[in-house]
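Down below is the structure, laid out as structure tokens.
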């Protein structure tokens, strides 16, 4: 037995977003999440809302981190998701 409301009980115009009211925008700001690929074996997901994922050896694992963050925090996903980052410093 499910405790969720049936589809008929949900109003058609309800999108589930709170109104801004007199206090301005909501406290939680939504960002845009992307994966920064620094080369072989180093990819990191990061979001403009301030969240940063851990360093991953597999680019696909960093992509999963980005998608999970976007789903949980309702942040947007960047297009393209993976951004190649080139280092400006010369190796010694």
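The values are calculated or read from the model by the stated rules, or taken from the named source; none is laboratory data. Predicted, not measured: the structure shown is a model, and the values here were computed from it. Reconstructed Cβ throughout: ideal geometry from the backbone, glycine too, with neighbour counts over all protein chains shown.
Would you pick out the residues in the stretch 1-54 that are more than 15 Å from residue 69 (Cβ to Cβ), surrounded by 10 or more Cβ atoms within 10 Å (Cβ to Cβ) and either out of contact with any helix residue (DSSP H, G or I) (no Cβ under 8 Å at 6 or more places or on another chain) or modelled with pLDDT under 55 (or both)? Can you show your working first?
Step one: of the stretch 1-54, the residues more than 15 Å from residue 69 (Cβ to Cβ) are 1-27, 37-42.
Still in the running and surrounded by 10 or more Cβ atoms within 10 Å (Cβ to Cβ): 10, 26, 37-39, 41-42.
10, 26, 38, 39, 41, 42, listed by residue number.
Go through the stretch 42-77 residue by residue and tally those that are touching a residue at least 40 places away in the same chain (Cβ under 8 Å) and assigned to a strand (DSSP E or B). Reasoning before the result, please.
Here is the first cut: in the stretch 42-77, the residues touching a residue at least 40 places away in the same chain (Cβ under 8 Å) are 73-77.
Still in the running and assigned to a strand (DSSP E or B): 76-77.
Final tally of qualifying residues: 2.
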